[in-house]
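Written below as structure tokens is the structure these notes are about.
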Amino acid sequence: MKLNLREHIEGYLFISPWILGMVLFALGPILASFGLAFTRWNLFTEPEYVGWANFQKLAHDPLFYKSVFNTIYYTIFAVPLGLVLALGLAMLVNHRLRGVNFFRTAFFLPNVVAGIAMLLLWKWLFDPNFGLINLFLDWTGLMAALEWISIGRPQWISSRAGAMPGLVFMSIWGLGGSMMIFLAGLQNIPRELIEAAELDGAGPWKRFRYVTVPLLTPTIFFLTMVGVIGSLQVFNQAYVMTQGGPAHATLFYVLYLFQTAFERFQMGYACAMALVLFIITLIVSLIQLAMGKKWVHYQ
Amino acid sequence: MSSASGDTLSLRRQLILYAALSFLAFWFLVPFAWMLITSVKTPDEVFSRLLPSVLRLANFVEIFNQPTLPFGRYFLNSTIITVFGTGASLFTSAVVAYAFARLNFFGRDVLFVAVLSTMMLPAAVTMIPTFVLFQKLGWVDTFLPFLVPACTGNAFQIFFLRQFFKTLPIDLIDAARIDGCSNLRICLSIAMPLAKPTLATLAILSFLSLWNDFMGPLIYLHSNEKRTLALGLNAFAGMYGTQWHLLMAASVVATVPILMVFFMGQRYFERGLVMTGMKG
């Protein structure tokens, strides 16, 4: 294509809204965070320069470590669990069956319920006394069995031990989006490749392992990246359902950041936390990109 | 379409599949069904009966009539933010994406890498300075912190639309150029109509995320009549926490619009995802 000045100018005119947005709402704020992280500021007085004090405080803040631990814990369990189950479901609904669209919609439906409504509903489902989960265990006699093996009545998100597993469990109901993307990936696999493997005598497992999975690696990679970045930012669940409790068992990083900024008005300290999150996200993403080069096959 | 699912399955395998799918679908639908069922129960029946004896639609009237939390107003606020936000960001994103896909300009590829990296930028990182900016502008407790950024496009949408625009045949564009169409004209009246499945898919996703946005309204919208449904629901739960039938009725009301949008766009949704291909 011939290059000319007009096209250069036109290109920049086309993308100018995005450039403006990037400078105002991404680049600018990041730079400002760098500045504010070195101040003490309650939003009402003038920011006061304090050097590295915020970062030193962070290094000795047990709640900071707790929130990092919780966030990593959640990521390590929820992301792989979600990916494996989403792929399984996608393979199930990738069959040519009458009514298969009904099932696709059914699995996606929890994503189409208003988010906060879903969280409030789950909070109720988890309620140790009035929640459907424990009522179900009561009705089916499973509760008696749990009590008999002296586990007792599960308290779910009302207990320190049960809160995080409860939230991971709940995340299964949100995997419809990943399922749809896996389904799209599966439908992009050329039929001939599967048939060729079949002719070569590969059974279902081998076809899955050596044809389907390698061809899906870009999808798996994409969903892992998005999933990890998403779960580093978990906020709504913790704010709406547990307020970070009990005893900080669900104090997620972004919840702690939010509380620091907008409930305690320690803006400088919160900016330092935001910078640390930025750096963590950057490192995690770069590691994933570097590892991705080894296992992702692009057709 | 060639796909890995062309076989006609034996009856036995079909039955096994139906059984497995029904079992799983049941569990996926239980929470939503419980919400629907509870929303039409009387307060007494919430725990005493599995299914309601009568459909108590009065619950829906009641939530709109209670004086402290104006649900109708919340509904309108969410609608304004979501509809305008989706429309504005998709339009801008399409124009920006078209340039990245189809125009040659200096630094294009470097800038596209910048698009990709803003996709990965956690919102929490920019949250505080952005709040300070909007506060200085006097935009706190208005809808502007939602409407103005929407006009600058969205990295996800730019990325996916660019992938789509790249697949358009070059002949089509050249033919339009020879006919004297400007680039903007080609983008708006040729490329965008062809991108309908992708646009519909992105519109659904954007609608979902704006309608469900909680942290944004929590930070920016403080007065009662400015609240969105997401905030209103949470406030409602705080006030009427144990009136499950009312809370579930309110939840159903908050869910109906996104369900409608989803079912309207659903026929494009899967196709949009397949076409996008997710191939980086």
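Values in this text are rule-based calculations from the coordinates and carry no lab data. Quick caveat: nothing in here was measured; it's all calculated off a predicted structure. Ideal geometry is used to build each Cβ from the backbone, glycine not excepted, and the neighbour counts take in all protein chains shown.
Take each complete run of DSSP H in chain B, measure how far its Cα atoms stretch along the helix's own axis, and keep only those covering 24 Å or more with mean Kyte-Doolittle hydropathy at least -1.0; list them. The partial results should precede the final answer.
On the way: long enough: B:11-39 (40 Å, 1.40); B:71-102 (45 Å, 0.96); B:244-276 (42 Å, 1.09).
Membrane-span-like by this criterion, though nothing is claimed about a membrane: B:11-39, B:71-102, B:244-276.
Roughly how many Å is it from the Cα centre of the stretch B:170-226 to that of the stretch B:29-102, as a whole number?
Result: 23 Å between the Cα centres.
Give me a single rounded figure for A:6-12: the average over its residues of other chain Cβ atoms within 10 Å of their Cβ. Don't jump to the answer; show the numbers that get you there.
On the way: counts 1, 6, 6, 2, 7, 12, 7.
That average works out to 6.
Give me the inter-chain shielding for A:92-105: mean count of other chain Cβ atoms within 10 Å, whole number please. Mind showing how you got there, number by number?
Values: counts 4, 5, 3, 9, 7, 7, 2, 3, 4, 3, 3, 8, 5, 6.
That works out to 5 on average.
Taking chain B as a Gaussian network, where each spring joins two C-alpha atoms under 10 Å apart, which residue of B:T118, B:T38, B:T79 fluctuates the most?
Maximum fluctuation in the GNM of chain B, among the listed residues, is at B:T118.
Taking +1 at the Cβ of each Lys and Arg and -1 at the Cβ of each Asp and Glu, which of B:V256, B:G72, B:F105 sits farthest along the dipole of the stretch B:63-276 towards its positive end, judged by Cα position relative to the Cα centre?
Positive-most Cα among the choices belongs to B:F105.
For A:Y74, A:Y253, which order do you get if you count the other beta carbons within 10 Å of each Cβ and list the fewest first? Please list the in-between numbers first.
On the way: A:Y74 22, A:Y253 28.
The most exposed by this proxy come first: A:Y74, A:Y253.
Would you mind computing, in nm to one decimal, how far apart the modelled labels at A:Y210 and A:R153 are, each placed 7 Å from Cα along Cα→Cβ?
5.5
Compare B:N59, B:N104, B:N234 in a GNM of chain B, Cα atoms joined below 10 Å, and give the one with the largest fluctuation.
B:N104
What is the calculated FRET efficiency for A:W295 to B:A235, with r their C-beta to C-beta distance and R₀ = 56 Å, to the nearest 0.05? Before the final figure, lay out the partial values.
On the way: r = 47 Å, r/R0 = 0.83.
So the FRET efficiency works out to roughly 0.75.
Give A:K206/A:K293; B:K196/B:K226; B:K136/B:K226; A:K293/B:K166; A:K123/B:K41 a once-over and call out the pairs whose C-alpha atoms are over 30 Å from each other.
Where the Cα-Cα span goes over 30 Å, the pairs concerned are B:K196/B:K226.
What's the exposure ranking of B:L259, A:L36, B:L50, going from fewest to most Cβ atoms within 10 Å?
Values: B:L259 15, A:L36 24, B:L50 11.
Listing B:L259, A:L36, B:L50 from fewest to most nearby Cβ atoms yields B:L50, B:L259, A:L36.
With each run of n ≥ 4 DSSP H residues scored as -39500 (n - 2.57), what mean residue ellipticity at 222 nm is computed for chain B after dividing by its residue count and rounding to the nearest 500 deg cm²/dmol? Let's see the in-between values first.
Values: 14 runs with 198 residues, N = 280.
Taking each H run of at least 4 residues, the total per residue is -23000 deg cm²/dmol.
If a/c stays under 1.5 just call it rounded; otherwise compare a/b with b/c (prolate if a/b is bigger, oblate if not). Do that for the stretch B:203-280, with a ≥ b ≥ c from the square roots of the Cα gyration tensor eigenvalues. Walk me through the intermediate numbers first.
Details: a/c = 3.25, a/b = 1.89, b/c = 1.72.
Here the stretch B:203-280 falls in the prolate category.
Could you give the distance between the Cα centres of the stretch A:168-213 and the stretch B:130-167, to the whole Å?
Cα centres, the stretch A:168-213 to the stretch B:130-167: 35 Å.
By its C-alpha gyration tensor, with a ≥ b ≥ c as the square roots of the eigenvalues, how is the stretch A:223-274 shaped: rounded for a/c under 1.5, else prolate for a/b larger than b/c, else oblate? Walk me through the numbers before you get to the answer.
Values: a/c = 2.58, a/b = 1.26, b/c = 2.06.
Oblate shape, in that a/c is at least 1.5 and b/c is the bigger or equal ratio.
Any chance you could run the full-extension gain for B:L50 through B:V110? It's 0.36 nm times the residue separation minus the Cα-Cα distance, nm to one decimal.
Working: separation 60, 0.36 × 60 = 21.60 nm, distance 5.91 nm.
Here the answer is 15.7 nm.
Mind running the shape call on chain B? Use the C-alpha gyration tensor, a ≥ b ≥ c as the square roots of the eigenvalues: rounded below 1.5 for a/c, prolate if a/b tops b/c, oblate otherwise. Each step should come with its number before you reach the end.
Numbers: a/c = 2.56, a/b = 1.33, b/c = 1.93.
Oblate, because a/c is 1.5 or more while a/b does not exceed b/c.
Under 10 Å, Cα contacts only: if you run a Gaussian network model on chain A, which one of A:L255, A:L13, A:L125 comes out with the highest mean-square fluctuation?
Among A:L255, A:L13, A:L125, the largest GNM mean-square fluctuation belongs to A:L13.
For B:I158, B:I190, B:I16, A:I116, what ranking results if the residue with the fewest other Cβ atoms within 10 Å of its Cβ goes first?
Numbers: B:I158 29, B:I190 17, B:I16 12, A:I116 26.
Starting with the residue having the fewest Cβ neighbours, the order is B:I16, B:I190, A:I116, B:I158.
Counting each DSSP H run of 4 or more residues in chain A as -39500 (n - 2.57), what helix-only mean residue ellipticity at 222 nm follows after dividing by all residues, to the nearest 500 deg cm²/dmol? Walk me through the numbers before you get to the answer.
Working: 15 runs with 195 residues, N = 299.
Result for chain A, helices only: -20500 deg cm²/dmol.
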